Amino acid sequence: MEPEEEHYNLPLAEILLSNNVGVAHIRLVGDLISVKAQLSIGMREMPSLALDQRADIATEILKLEEEYRLAWESVVAAGPDIEELKARLVILENALRGAVRGVVESARRNGIHVANLSLE
């Protein structure tokens with residue numbers, strides 16, 4: 001990995017370690033890690049999954065990751081204004097929730113079972 005590259009899960013780790021987030025954010029990060037792992041395992045167990053399907057799934061996941069990464073960067077940049085921080089935390093929560101739903105929907109569209117109790 002080149003020095004300027006960051007690990008794709010770095011924003012999730014930063015969210016987990018932040019003093020600014022709430023329980024909902026932590027729960028959603030856990031849910032996201034879980035459904036992404038289930039998707040990855042499901043893809044490995046489906047050798048019949050076409051290469052273009054795999055590419056489509058990867059593209060969808062990258063878009064979702066970009067959304068919550070940008071929301072997290074916004075939280076970090078909020079500064080001392082508590083009202084601004086609260087507003088940005090709501091955006092982060094929505095981005096994380098959307099990512100969880102997006103991973104689950106992508107998996108199910110491709111015939112991969114992904115269990116996520118918080119959405120069911």
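The values are calculated or read from the model by the stated rules, or taken from the named source; none is laboratory data. These numbers were taken from a predicted model, which means no experiment stands behind them. Methodologically, a virtual Cβ is constructed for each residue, glycine included, from the backbone with ideal geometry; neighbour enumeration extends over all protein chains shown. Each accessible area value is taken on the protein alone, full model and side chains, heavy atoms only, with ligands, DNA and RNA left out. Shrake-Rupley method; radii C 1.70, N 1.55, O 1.52, S 1.80 Å.
Summary of packing: across the peptides 29-42, 10-23, the per-residue average of other C-beta atoms within 10 Å ranks them, highest first, as 29-42, 10-23.
Probe of 1.4 angstrom, ligands and nucleic acids ignored: what's the accessible area per residue over the chain, in square angstrom?
That works out to 61 Å² per residue.
Please state the relative contact order of the stretch 23-107 as a whole percent: Cα pairs under 8 Å, 6+ residues apart? Mind dumping the intermediate values first?
On the way: 55 pairs, mean separation 41.8, N = 85.
Reported relative contact order: 49 percent.
Within the accessible area of the stretch 1-109, the carbon and sulfur atoms contribute 58%, probe 1.4 Å, all protein chains present.
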